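Visitor: Let me begin by handing over the structure; questions about it come next.
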Ligand SMILES: C[S@@+](CC[C@H](N)C(=O)[O-])C[C@H]1O[C@@H](n2cnc3c(N)ncnc32)[C@H](O)[C@@H]1O
């Protein structure tokens, strides 16, 4: 039953990327880049980050939000969101505060990450009250948290059998539209494991949109330096060879069973943000390293893949 492989030092370094991402998000939120009333429950402390890092995170969060919104506009709230490698993402709570809370929200990550997230949720009334149903029932079973419309599940995304079992336990429903989120996650999986996972998801959800945010264009000098820095922290990118130009990322999704796919590097995403949005953010802190920000934007991409006609027109400028 328990086919969870033991965690290697490399896995520990991957797990630590959640701490990094969450701290960077909290730092940017504190500086006013975007609003998130929940991130501070998950991250107690963060050092100030460089302006280019804050802007990079802003672009990442806005890009995901923009397409989450497009998805919900097309199918309403009778749908499900499956957050792969969710880390301490607060999207569930942010949607609950809007008119866009979805019928079912499933979060998957390594058990050590979901156990921490579960512990934090249990200790914070503000988080807990948004996941209890009318009877206030929240069940913790085998380390997973189940509530009406919210499931936080520990699993290794490299083990497809386990993913299938957990999705079933979380009430994933092939008949409902599904939004699949993979924000800085797939790149940590070996290409064969990522392919098996995506192929399964594409087959299981005939009406689905997938948002993938991760590195791209890694074959150049800047990419080499990024990889070397990550390796020095013990965190190799197992999927590095797939981090090519955005068009290749879109092609990869089509080959795995998604009918439509588009991808943009973050320079394009940045340019597509509304002028007043960009202007507001540019006023928050001076940025001396314009060139560095451009380089960072050129090495991250957002890919939007989908199945079913409903989501075929999701676009940067929609
Ligand atoms: C960089 S963090 C991103 C977290 C979140 N998606 C965000 O953007 O804030 C990467 C996350 O992917 C998770 N992850 C990476 N490989 C995984 C695997 N094989 N199984 C489950 N989770 C994994 C890590 O534990 C971590 O929480």
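The values are calculated or read from the model by the stated rules, or taken from the named source; none is laboratory data. The shown structure was predicted, so the numbers you read here are calculated from the model rather than taken from an experiment. Note that we place each Cβ from the backbone using ideal geometry, even for glycine, and neighbour counts take in every protein chain shown.
Visitor: Within region 189-211, restricting attention to residues that are away from the ligand (no atom under 11 Å from the Cβ) and in a strand (DSSP E or B), which residue is nearest to the chain's Cα centre (by Cα)?
Guide: Once the filter is applied, the top-ranked residue is 210.
Visitor: Could I ask something else about it? Could you count how many residues in region 76-89 are buried (at least 20 other Cβ atoms within 10 Å of the Cβ) and out of contact with any strand residue (DSSP E or B) (no Cβ under 7 Å at 6 or more places or on another chain)?
Guide: Summing the residues that are buried (at least 20 other Cβ atoms within 10 Å of the Cβ) and out of contact with any strand residue (DSSP E or B) (no Cβ under 7 Å at 6 or more places or on another chain) in region 76-89 gives 1.
Visitor: Return the residues of region 165-180 that are in contact (Cβ under 8 Å) with a residue 40 or more places away in the chain and out of contact with any helix residue (DSSP H, G or I) (no Cβ under 7 Å at 6 or more places or on another chain); say none if nothing qualifies.
Guide: Within region 165-180, 166, 167, 170, 171, 172, 173, 176, 178 meet the criteria.
Visitor: May I pose another question? Considering only residues that are surrounded by fewer than 19 Cβ atoms within 10 Å (Cβ to Cβ) and in a loop (DSSP other than H, G, I, E, B), which ones fall in region 159-186?
Guide: Within region 159-186, 159, 171, 173, 174, 175, 176, 184 qualify.
Visitor: Report every pair of residues separated by at least 6 positions or lying on different chains whose Cβ atoms are under 6 Å apart, first residue within region 207-231 and within 21 Å of residue 263 (Cβ to Cβ), second buried (at least 21 other Cβ atoms within 10 Å of the Cβ) and modelled with pLDDT under 95.
Guide: These pairs meet every condition: 215/243; 216/243; 218/243.
Residues are listed down the side, and each one gets a yes or a no for (1) in contact with a helix residue (DSSP H, G or I) (Cβ under 8 Å, 6 or more places away or on another chain); (2) surrounded by 18 or more Cβ atoms within 10 Å (Cβ to Cβ); (3) more than 25 Å from residue 175 (Cβ to Cβ):
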position	(1), (2), (3)
93	yes, yes, yes
97	no, no, yes
103	no, no, no
106	yes, yes, no
110	yes, yes, yes
115	no, no, yes
120	yes, no, yes
123	no, no, yes
128	yes, no, yes
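Visitor: Considering region 103-120 alone, what residues qualify as being outside any helix (DSSP H, G or I), under 15 Å from residue 90 (Cβ atoms) and more than 8 Å from the ligand (Cβ to nearest atom)?
Guide: If the condition is that a residue be outside any helix (DSSP H, G or I), under 15 Å from residue 90 (Cβ atoms) and more than 8 Å from the ligand (Cβ to nearest atom), then 105, 107 are the ones that fit.
Visitor: Kindly state which helices (runs of 4 or more DSSP H) lie completely within region 260-303 and contain at least 2 residues that are in contact (Cβ under 8 Å) with a residue 24 or more places away in the chain and over 21 Å from the mean Cα position of the chain (by Cα). Explain how you work it out, then say what you get.
Guide: Working: elements: 266-272, 275-284, 290-298.
Per the criteria, 275-284, 290-298.
Visitor: Does at least one position in region 27-44 carry a residue that is part of a loop (DSSP other than H, G, I, E, B), away from the ligand (no atom under 14 Å from the Cβ), without any contact (Cβ under 8 Å) to a residue 12 or more places away in the chain and under 18 Å from residue 87 (Cα atoms)?
Guide: Yes; the residues of region 27-44 include at least one that is part of a loop (DSSP other than H, G, I, E, B), away from the ligand (no atom under 14 Å from the Cβ), without any contact (Cβ under 8 Å) to a residue 12 or more places away in the chain and under 18 Å from residue 87 (Cα atoms).
Visitor: When you check residue 254 against the structure, is it out of contact with any strand residue (DSSP E or B) (no Cβ under 7 Å at 6 or more places or on another chain) and at pLDDT 95 or above, yes or no? Can you show your working first?
Guide: Working: out of contact with any strand residue (DSSP E or B) (no Cβ under 7 Å at 6 or more places or on another chain): no; at pLDDT 95 or above: yes.
Here the answer is no, as residue 254 does not meet what is asked.
Visitor: If you don't mind, another one. Can you work out which of the residues in region 51-100 that are within 11 Å of the ligand (Cβ to nearest atom) and part of a strand (DSSP E or B) is nearest to residue 132 (Cα to Cα)?
Guide: 83
Visitor: Where residues in region 145-162 are in contact with a strand residue (DSSP E or B) (Cβ under 8 Å, 6 or more places away or on another chain) and within 13 Å of the ligand (Cβ to nearest atom), which of them is nearest to residue 90 (Cα to Cα)?
Guide: Within region 145-162, the match that is nearest to residue 90 (Cα to Cα) is 152.
Visitor: Still on this structure, I have one more. Would region 44-53 turn up any residue that is modelled with pLDDT of 95 or more, within 23 Å of residue 212 (Cα to Cα) and more than 14 Å from the chain's Cα centre (by Cα)?
Guide: yes
Visitor: Residue by residue through region 121-141, note down the ones that are out of contact with any strand residue (DSSP E or B) (no Cβ under 6 Å at 6 or more places or on another chain) and either within 20 Å of residue 41 (Cβ to Cβ) or within 16 Å of the ligand (Cβ to nearest atom) (or both).
Guide: Hits for region 121-141 are 121, 122, 123, 124, 125, 126, 127, 128, 129, 130, 136, 140.
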